[in-house]
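The values are calculated or read from the model by the stated rules, or taken from the named source; none is laboratory data. As the structure is a prediction and not an experimental result, all values here were calculated from the model. With ideal geometry, Cβ positions are generated from the backbone for all residues, glycine too; neighbour counts draw on all protein chains shown. Accessible surface areas use protein heavy atoms only, side chains included; no ligands, DNA or RNA. Shrake-Rupley method; radii C 1.70, N 1.55, O 1.52, S 1.80 Å.
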Amino acid sequence: MASDDIAQLADALSKTHVGDGDLSYKGLGLKLDNAESVEELVREIELYKDLRALRLEGNTLGVEAAQAIAKALKSKDQLQRCYWSDMFTGRLRSEIPIALRSLGSAIMSAGARLTELDLSDNAFGPDGVKGIEQLLRSPSCHTLRELRLNNCGMGIGGGKILAEALTECHKESSALGAPLRLRVFVAGRNRLENEGASALAKAFKFIGSLEEVHMPQNGINYSGVVALALAMQHNPELRVLNLNDNTFSKRGTLAMAQALRVLRNIQVINFGDCLVRSEGAIALAAVLTEGLPILKELNLSFGEITEAAALVVAQAVVDKPHMEKVDLNGNCLGEEGCEALREAMENMDKGDMLASLSDDEGEPDEEEEDDDDDDDDDDASDECNEDHEDDYEIVKENGVTRKEDSPTKPQCSVEIMSFLSCPSAEKLIQLGEMRTNLHQQVEESDPNKAADIFLKIASLYNEEPENKAAVLEVIDAVLKKLLSGTTLQSYCFLSTLLVKMGLLKGEGKMKKVPLVSGQLLCLEHAVQQDYFSLHHVSLLHTFVSKNSEALKSCSSARERLHSALEKTCNNQH
């Protein structure tokens with residue numbers, strides 16, 4: 001070793017931190033190629049009697065250097081924390097697994113029990129995961145509490161290997177009576193995509209102890225998001241969920257909303273840049289309304305959320321006592337929408353909670369909205385329950401159930417089938433007492449069909465007494481059923497109704513229904529009934545107030561509905 005190199009290493013070692021069981025060479029920029037280059041480091045490690053933490057991040061290790069350090073670690077049975085991020089800069093990818101295996105074997109030989117392992121920023125790919133696979137499966141990781149693999153380029157293959165190793169670790173540790181209780185999992189920027197994320201989701205279901213999950217920027221689409229959402233439900237202590245910069249779309253967001261309903265300990269949600277969109281934002285607002293009691297931070301930035309949906313989210317967070325920050329930047333509010341949101345938050349005395357809106361994308365124009373309808377190949381018929389994929393779950397009253405578990409739909413009489421296929425006022429009146437059975441044709445789990453039936457029946461409304469009574473009788477029964485379920489289900493129905501009425505931009509190819517005054521007048525009646533709760537009234541009021549242009553063909557009925565909404569809001573406040 002050249003004398004200059006020795007002098008550099010000696011100087012670097014003089015800056016190391018030693019104490020509390022922690023030996024740190026963090027950020028020294030050492031280029032450690034061979035055994036000779038680490039002689040002093042090895043000596044320091046060997047002399048440290050009760051070594052509990054070794055920090056090597058910010059240096060670069062070659063294979064021989066790693067093997068020499070590993071030899072020194074074979075006697076360190078008290079080692080618990082390995083901070084080894086950014087440790088292979090400039091090394092060949094083929095070298096890294098060899099170095100990792102050496103270090104891992106030493107830890108296993110020593111009988112150490114790790115609690116933290118950080119290998120972030122090492123860009124080692126799937127082969128690097130193979131380099132730590134045996135360590136993760138071993139008893140040395142049965143005690144692991146934090147695993148950080150951010151920005152490692154694992155890819156789908158690495159994600160699958162990691163998932164299998166964690167599953168095996170949990171299985172083996174459980175057999176010994178002390179199951180793996182991993183609390184923190186970090187794997188952002190790893191190109192996991194749907195397959196890698198889904199594989200890890202299966203492991204997370206078994207583990208069940210996660211408190212923080214950070215998986216941003218992984219190219220995960222809705223199917224991977226759905227798998228993760230289901231897994232999160234098995235981790236009741238979850239506090240932080242960061243899936244920033246993946247692609248939820250409506251289906252993924254609904255699945256996440258369903259999961260969040262049962263996660264009472266969530267404090268931080270980061271779904272920024274996840275294409276949550278307005279329908280998804282409304283679903284999340286529903287969960288905020290009925291749950292998430294200790295939430296502190298909510299990030300829904302850059303999600304193509306429009307003004308009215310953003311206002312619904314704002315209304316939902318107002319009663320959260322621990323709320324500190326709501327980020328709705330980079331959405332599609334427009335200048336007036338940003339001002340309306342700021343004003344709404346200030347009026348609720350929550351102005352300081354709202355993050356900057358400086359990167360707002362502006363209101364989407366009509367042409368963009370029409371074009372977007374055909375963009376979502378995966379989401380062409382996005383609903384709360386998906387009929388075209390056997391593998392996907394549907395939202396039901398008691399959680400997420402699979403299609404095969406769905407209850408049998410009630411039988412439909414010939415008369416009711418005839419009416420629904422071609423509704424008319426005459427047929428509705430002729431149904432007589434059978435009208436009361438029409439509400440059986442709607443299910444909370446199928447908001448698309450429910451909204452269609454509501455609009456068909458409401459379109460028959462007029463002021464003729466017999467007709468009016470018959471229509472409102474059915475409307476009351478239908479809405480009472482649809483709005484009496486969970487808040488998430490009722491918001492799903494209302495957002496679908498708003499899409500069909502042209503008041504909310506939806507995903508996929510859902511057709512807007514030509515509006516007639518009777519539909520608005522039925523809503524005018526409904527919002528004044530006991531089954532229409534304040535938060536339902538507030539949701540509808542927000543969209544009707546912000547979309548008067550869409551209702552211009554029924555201006556008189558629109559004014560009556562708006563007046564009833566205003567009155568109901570004021571009375572209930």
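Observations, loosely collected:
- 12 Å beta-carbon shell around R181, net charge (K/R +1, D/E -1): -1
- Of the peptides 252-260, 558-566, the order by per-residue mean of other Cβ atoms within 10 Å, starting with the highest, comes out as 252-260, 558-566.
- At R0 = 60 Å, FRET efficiency that the Cβ-Cβ distance of Q134 and S413 yields, to 0.05: 0.40
- Taking the accessible area of the chain, probe 1.4 Å, and keeping the other protein chains in place, the carbon and sulfur fraction comes to 44%.
- Relative contact order (%) - the chain, alpha-carbon pairs under 8 angstrom, separation at least six: 7 percent
- About the Cα centre, charge dipole magnitude for the chain (Lys/Arg +1, Asp/Glu -1 at Cβ), debye: 2440 debye
- Estimated distance in nm for a label pair at E237 and E339, the labels positioned 7 Å out from Cα along Cα-to-Cβ: 5.0 nm
- FRET efficiency estimate (nearest 0.05) - Cβ-Cβ, L92 to K71, R0 22 angstrom: 0.50
- Added length on full extension, which subtracts the Cα-Cα distance from 0.36 nm per residue, R113 to D359: 83.9 nm
- Listed residues I266, L254, L284: farthest to the positive end of the dipole of the stretch 252-299 (Cβ charges): I266
- Rolling a 1.4 Å probe across the protein heavy atoms gives the stretch 119-243 an accessible surface of 34 Å² per residue.
- Each part gets one Cα centre, and for the stretch 95-145 versus the stretch 489-510 those centres are 49 Å apart.
- Sum of side-chain charges, L479 neighbourhood, beta-carbon under 12 Å (Lys, Arg +1; Asp, Glu -1): -2
- DSSP assigns beta bridges within the chain; of those with both partners inside it, close to 15 percent run antiparallel.
- D50-K325 FRET efficiency (beta carbon distance; Förster radius 45 Å; 0.05 resolution): 0.65
- Computed from label points 7 Å out along Cα-Cβ, the spacing between S484 and R43 is 8.2 nm.
- The phi-based Karplus calculation (6.51 cos²θ - 1.76 cosθ + 1.60; θ = phi - 60°) puts the 3J(HN,Hα) values of the stretch 230-242 at 5, 5, 4, 5, 8, 10, x, 8, 4, 10, 10, 10, 10 Hz, whole numbers, x for Gly and Pro.
- Cβ-based net charge around N59, under 10 Å, with every Lys or Arg adding one and every Asp or Glu removing one: +1
- Pairs over the 26 Å Cα-Cα cut-off, from the set K296/K509; K500/K552; K427/K449: K296/K509.
- Three-way shape label, the chain, alpha-carbon gyration tensor, a/c 1.5: prolate
- The chain: calculated mean residue ellipticity at 222 nm from DSSP helix runs of at least 4, using -39500 (n - 2.57): -14500 deg cm²/dmol
- Point-charge dipole on Cβ atoms (K/R +1, D/E -1) for the stretch 432-502, about Cα centre, debye to 20: 200 debye
- Placing dummy labels 7 Å off each Cα toward the beta-carbon, the span from S563 to N462 is 2.2 nm.
- Note that the stretch 430-545 presents 35 Å² accessible area per residue, ligands and nucleic acids not counted, probe 1.4 Å.
- Sites listed here are GluC sites (Glu not before Pro) in the stretch 439-539 whose DSSP assignment is loop and whose Cβ has at most 14 other Cβ atoms within 10 Å: E463.
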